[in-house]
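Chemist: What follows is a structure written as structure tokens; I'll ask about it next.
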Amino acid sequence: MSKHTLNSLAALAAAAATLPVQAESAPTEQVMAYRFSQYQEADAPRARTFTPTTERYSIDIHQFRYGRPLGDDWYLNSEFQYETLSGASPMQTYQNANGQSVLLMSGASINETRYDLKVTPKRYFSGALNGQLDGTLGTSLALSQENDYQSVALGADGSLELFNKHTTLLGSVSMSLDELSPSDAYISPDRQRADGRGKRSVSIYEGVSQVIDKNRVVQVGLGYTQLSGYLSDPYKFEDRRPDRRGQLTLSGQYRHFFPLWDGAALHGDYRYYSDDWGIRSHTLTARWAQSVSLAPFSFRFIPMMRYYRQTQADFYSLEQNPPDDQLNSSDARLSSYGAFSYGLESRILYQQWTLSIDWQQYLSSEDFALVQTTNNETPALVDYSILSLGIEYRY
Amino acid sequence: MASPCCFHLPDLPGIHTLAQQMEEEVRRIEQKYSRYRHDSVLSRLNEHAGQASVIDAETAWLLNYARVCFEQSDGLFDISSGILRSVWNFRHPALPDSAALQRLLPRIGLGRLTLNDNELRMPADMELDFGGIGKEYAADCAAAIARNAGVHQGIIDLGGDLHILGPKISAQGEEPWLLGVRHPRKPQQAIAQLPVYRGGMATSGDYERYFELEGRRYCHLLNPQSGWPVSHWASVTVLAPSCLLAGTLSSIAMLREAAAVDWLQEQDVHALLIDPALQLRPLTPEV
């Protein structure tokens, strides 16, 4: 036997250490989690606001999650979210005679509450059909309720593992039906027109994830969403958008694992987006996920950096009184701009408990588009920060 | 599972659910690789001997491990040697018919199978048996479930093959478990105690199935090359990082007979060898 080595334990241990490539199997634990997030927008620049109102949105978000296995092959995840929003929002941006942009903010401070409920059962097929089929099939039902908005969404998703589980095909379809009922509809004809109108969306995503070697995984995906119905913003002035929107996304994700400290991974993500309103965007995200163990605790730190840029929609304009029969919007999210964000996610794991503290800062500006920048000022572009605290218990 | 199994776990909230999951995992592995169940993966593989069988990742991993055991034991640890049971019946003190035994030997030899990630081809006359690794592997899998749930104390005992999750926690801090090594001739008694903090502990002995004839003991551990029982040691106990490793090291040591001491010393493990005269031979790693 020529393969016999002096240290058999090392050889046996090596054979025992190459863990079997296990199929995605149903989680066997119950999970209870709570997370509180504070989303805070920076004030609008007083030099460009028409009225003294500069305060923008502040949102408190409470999320509860409960997940449990149902039998051997099913897992049910449920989430309830409750958020309260206050502050003012931009109603219009227009260019004055001096070429400066003037920002018109909603006068009274808005106070709103929103409830979301989402239930997602998932079936795991691990080694079904005599070990030939590994994959998952899931569905989702989501309900959302605000005093001026209601939404129902249904989805289905699946994954199929192929080629000794080195390749995974992913697919999902979803649809949503929304209904608008703007508050204080008597204030404007725009709000009255929107009252009772609906919005529909249908999305489809296909992706493939490929294990390159034991340290590298790549995933590419193609997604398409078709929106139709009342897509304008009834709270903005001179906001008349097309009643259809087709959105295409192409995305690529790369993961590279490094045996550094107690394990690390580099995440590099890119997304290209294009829609038939004329918006093209690019998003580049880099993350470094680092695990550190200090028994009995283990820590995970994930610093993140992201760059985003987009071109403006064909009907974006800063005209104060455009003709009524013309598509028009001065919504900053349809303008040409760029954004940088950076943040840090941290996790502390102790026995069955996980504590999380996440922070993110987002900065946007028309100048951050970096190339082909616009000369139009866009004071409605907002900077924000999000701070989240969470606790999770698995049993 | 034929032998008594138990979990010693700390009294934490949710521990019963966890123990249930661990038990289910042990049962899953037992059923998957049982040679007594005609619908097990193992039975299917044996039925398909002579043709290619599609195997799942877990089975491929175990078979690959068994092949490494075969190589590292110079062919002594062989999961295709179970067919010798057809001539060795340990319920009756009788030696096998020599011609029948000789006819079986050419059918043994794990080197004759071809294995890749999802396919196994074994000769039509071969039969596999996971008896030497299945239970130990199951103990490690149950331990992994406990560890993933954050439980780092306790012992998983599958019929004497142990996976120790972690030390005892007392007011003095961490203390090793003092685990008894079975007396080879008085199975209800311990002959020695070993301190263990964590990892696997397994014993291979000549007392599990055997008969005595004319003053000689014939045990169930058979040398696959001669077809005859080994007799140099009464038992070998090994401590290793996992129960699977401890189990295979102790079995290989039994099969290596007189060469076991040198070989175990090369592996740098704690071990306790007991000879048929009940002399203890403890081994500790050289620092």
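The values are calculated or read from the model by the stated rules, or taken from the named source; none is laboratory data. Keep in mind that this is a model prediction, so the values were computed, not measured. Positions of Cβ are generated from backbone atoms using ideal geometry, with glycine treated the same way; all protein chains shown enter the neighbour counts.
Chemist: Can you go through A:Asp233, A:Asp262 and tell me which one is crowded, with 17+ Cβ neighbours inside 10 Å and assigned to a loop (DSSP other than H, G, I, E, B)?
Modeler: Going through A:Asp233, A:Asp262 in turn, the sole match is A:Asp233.
Chemist: Can you tell me which residue is surrounded by the most Cβ atoms within 10 Å (Cβ to Cβ) among those in the stretch B:4-13 that are touching a residue at least 40 places away in the same chain (Cβ under 8 Å) and within 14 Å of chain A (Cβ to nearest Cβ)?
Modeler: Restricting to residues being touching a residue at least 40 places away in the same chain (Cβ under 8 Å) and within 14 Å of chain A (Cβ to nearest Cβ), the top hit is B:Leu9.
Chemist: So which residues in the stretch B:35-58 are touching a residue at least 60 places away in the same chain (Cβ under 8 Å) and either aliphatic (A, V, I, L, M) or out of contact with any Asp or Glu (no Cβ under 9 Å at 6 or more places or on another chain) (or both), if there are any at all?
Modeler: B:Leu42, B:Leu45, B:Ala49, B:Gln51, B:Ala52, B:Val54, B:Ile55, B:Ala57
Chemist: What are the pairs, 6+ residues apart or on separate chains, where a residue within the stretch A:333-352 that is within 23 Å of A:Trp277 (Cα to Cα) has its Cβ under 9 Å from a residue that is among the aliphatic types (A, V, I, L, M) and assigned to a strand (DSSP E or B)?
Modeler: From residues that are within 23 Å of A:Trp277 (Cα to Cα), the pairs are A:Ala339/A:Leu363.
Chemist: Applying the selection to the stretch B:44-98, what residues are surrounded by 16 or more Cβ atoms within 10 Å (Cβ to Cβ), away from every other protein chain (no Cβ under 14 Å) and not polar (S, T, N, Q)?
Modeler: B:Ala49, B:Gly82, B:Ile83, B:Leu84, B:Arg85, B:Val87, B:Trp88, B:Pro96
Chemist: Another question about this same structure. Could you tell me whether the stretch B:106-113 includes any residue that is without any contact (Cβ under 8 Å) to a residue 60 or more places away in the chain, in contact with a Ser or Thr (Cβ under 9 Å, 6 or more places away or on another chain) and surrounded by fewer than 18 Cβ atoms within 10 Å (Cβ to Cβ)?
Modeler: Among the residues of the stretch B:106-113, at least one is without any contact (Cβ under 8 Å) to a residue 60 or more places away in the chain, in contact with a Ser or Thr (Cβ under 9 Å, 6 or more places away or on another chain) and surrounded by fewer than 18 Cβ atoms within 10 Å (Cβ to Cβ), which makes the answer yes.
Chemist: Within the stretch A:137-167, take every residue that is among the hydroxyl-bearing types (Ser, Thr, Tyr) and at pLDDT below 90 and give me the one that is nearest to the chain's Cα centre (by Cα).
Modeler: Taking the candidates together, the pick is A:Tyr149.
Chemist: Scanning for something hydroxyl-bearing (Ser, Thr, Tyr), within 18 Å of A:Tyr362 (Cβ to Cβ) and not in a loop (DSSP other than H, G, I, E, B), does the stretch A:311-326 turn up at least one residue?
Modeler: No - not one qualifying residue is present in the stretch A:311-326.
Chemist: Which members of the stretch A:265-309 meet the condition of being in a loop (DSSP other than H, G, I, E, B) and hydrophobic (A, V, I, L, M, F, W, C)?
Modeler: Scanning the stretch A:265-309 gives A:Trp277, A:Ile279, A:Ala295.
Chemist: Can you confirm whether B:Pro187 is surrounded by fewer than 19 Cβ atoms within 10 Å (Cβ to Cβ) and touching a residue at least 40 places away in the same chain (Cβ under 8 Å)?
Modeler: no
Chemist: Oh, and also: Which of the residues spanning the stretch B:178-200 are farther than 13 Å from B:Leu272 by Cβ, in a loop (DSSP other than H, G, I, E, B) and within 19 Å of the chain's Cα centre (by Cα)?
Modeler: Once the filter is applied, which keeps residues that are farther than 13 Å from B:Leu272 by Cβ, in a loop (DSSP other than H, G, I, E, B) and within 19 Å of the chain's Cα centre (by Cα), the stretch B:178-200 yields B:Pro187, B:Arg198.
Chemist: Could you grab me the full set of residues in the stretch A:352-387 that are touching a Phe, Trp or Tyr at 6+ places or on another chain (Cβ under 7 Å), of a type in the set (A, V, I, L, M, F, W, C) and either assigned to a loop (DSSP other than H, G, I, E, B) or over 27 Å from A:Asn96 (Cβ atoms) (or both)?
Modeler: A:Trp353, A:Leu381, A:Ile386, A:Leu387
Chemist: Which of the residues belonging to the stretch A:182-212 are of a type in the set (S, T, N, Q), under 25 Å from the mean Cα position of the chain (by Cα) and closer than 18 Å to A:Ser144 by Cβ?
Modeler: Within the stretch A:182-212, A:Ser201, A:Ser203 qualify.
Chemist: Return yes when B:Tyr207 is farther than 17 Å from B:His270 by Cβ, touching a residue at least 24 places away in the same chain (Cβ under 8 Å), part of a strand (DSSP E or B) and not charged (D, E, K, R) and no when it is not.
Modeler: Judged against the criteria, B:Tyr207 is not a match.
Chemist: Further question on the same structure: Looking only at residues in the stretch B:129-185 that are of a type in the set (D, E, K, R), over 20 Å from B:Pro4 (Cα atoms) and out of contact with any helix residue (DSSP H, G or I) (no Cβ under 9 Å at 6 or more places or on another chain), which one is modelled with the lowest pLDDT?
Modeler: Result: B:Glu174.
Chemist: Continuing with this model, one more query. Here is a list of conditions, (1) within 30 Å of A:Tyr393 (Cα to Cα); (2) at pLDDT below 95; (3) surrounded by fewer than 17 Cβ atoms within 10 Å (Cβ to Cβ); (4) in contact with a Phe, Trp or Tyr (Cβ under 9 Å, 6 or more places away or on another chain), and A:Gln326 meets all of them except one; can you say which number that is?
Modeler: (1)
Chemist: For the stretch B:277-287, name all the residues that are more than 14 Å from chain A (Cβ to nearest Cβ) and not in a loop (DSSP other than H, G, I, E, B).
Modeler: Matches in the stretch B:277-287: B:Leu280, B:Arg281, B:Pro282.
Chemist: Please enumerate the residues belonging to the stretch A:178-222 that are surrounded by fewer than 17 Cβ atoms within 10 Å (Cβ to Cβ) and of a type in the set (A, V, I, L, M, F, W, C).
Modeler: A:Ile187, A:Val202, A:Ile204, A:Val208, A:Ile212, A:Val218, A:Val220, A:Leu222
Chemist: OK, next. For the stretch B:226-244, which residues satisfy the criterion of being within 11 Å of another protein chain (Cβ to nearest Cβ), assigned to a strand (DSSP E or B) and small (Gly, Ala, Ser)?
Modeler: Within the stretch B:226-244, just B:Ala240 meets the criteria.
Chemist: Looking at the stretch B:268-276, is at least one residue assigned to a loop (DSSP other than H, G, I, E, B) and either farther than 17 Å from A:Leu9 by Cα or away from chain A (no Cβ under 13 Å) (or both)?
Modeler: Yes, the stretch B:268-276 contains at least one residue that is assigned to a loop (DSSP other than H, G, I, E, B) and either farther than 17 Å from A:Leu9 by Cα or away from chain A (no Cβ under 13 Å) (or both).
Chemist: Considering only residues that are farther than 21 Å from B:Ile252 by Cα and of a type in the set (Lys, Arg), look in the stretch B:190-234 and name the one that is surrounded by the fewest Cβ atoms within 10 Å (Cβ to Cβ).
Modeler: Among residues in the stretch B:190-234 that are farther than 21 Å from B:Ile252 by Cα and of a type in the set (Lys, Arg), the one surrounded by the fewest Cβ atoms within 10 Å (Cβ to Cβ) is B:Arg216.
Chemist: OK, next. Within the set of pairs 6+ apart or on separate chains, which have a first residue in the stretch A:182-196 that is closer than 17 Å to A:Leu231 by Cα, a second that is exposed (fewer than 12 other Cβ atoms within 10 Å of the Cβ), and C-beta atoms under 9 Å apart?
Modeler: Close Cβ pairs (under 9 Å, with a partner that is exposed (fewer than 12 other Cβ atoms within 10 Å of the Cβ)) amount to A:Arg191/A:Asp184; A:Gln192/A:Tyr186.
Chemist: Residues being touching a residue at least 60 places away in the same chain (Cβ under 8 Å), within 11 Å of another protein chain (Cβ to nearest Cβ) and either over 24 Å from B:Ser81 (Cβ atoms) or hydrophobic (A, V, I, L, M, F, W, C) (or both): count how many of those fall in the stretch B:246-267.
Modeler: Matching residues across the stretch B:246-267 total 2.
Chemist: Looking at the stretch B:27-43, which of its residues are facing another protein chain (nearest Cβ under 10 Å) and buried (at least 17 other Cβ atoms within 10 Å of the Cβ)?
Modeler: B:Lys32, B:Val41
Chemist: Please go through the stretch B:14-24 and pick out each residue that is within 9 Å of chain A (Cβ to nearest Cβ) and out of contact with any Leu (no Cβ under 9 Å at 6 or more places or on another chain).
Modeler: B:Gly14, B:Thr17, B:Gln21, B:Glu24
Chemist: While we're on this one: Testing A:Pro52 on (1) closer than 30 Å to A:Pro379 by Cβ; (2) touching a residue at least 12 places away in the same chain (Cβ under 8 Å); (3) not β-branched (Val, Ile, Thr), one condition comes back false. Which one is that?
Modeler: (2)
Chemist: Does B:Ser242 satisfy being within 30 Å of B:Leu101 (Cα to Cα), touching a helix residue (DSSP H, G or I) at 6+ places or on another chain (Cβ under 9 Å) and buried (at least 21 other Cβ atoms within 10 Å of the Cβ)?
Modeler: Answer is no for this residue.
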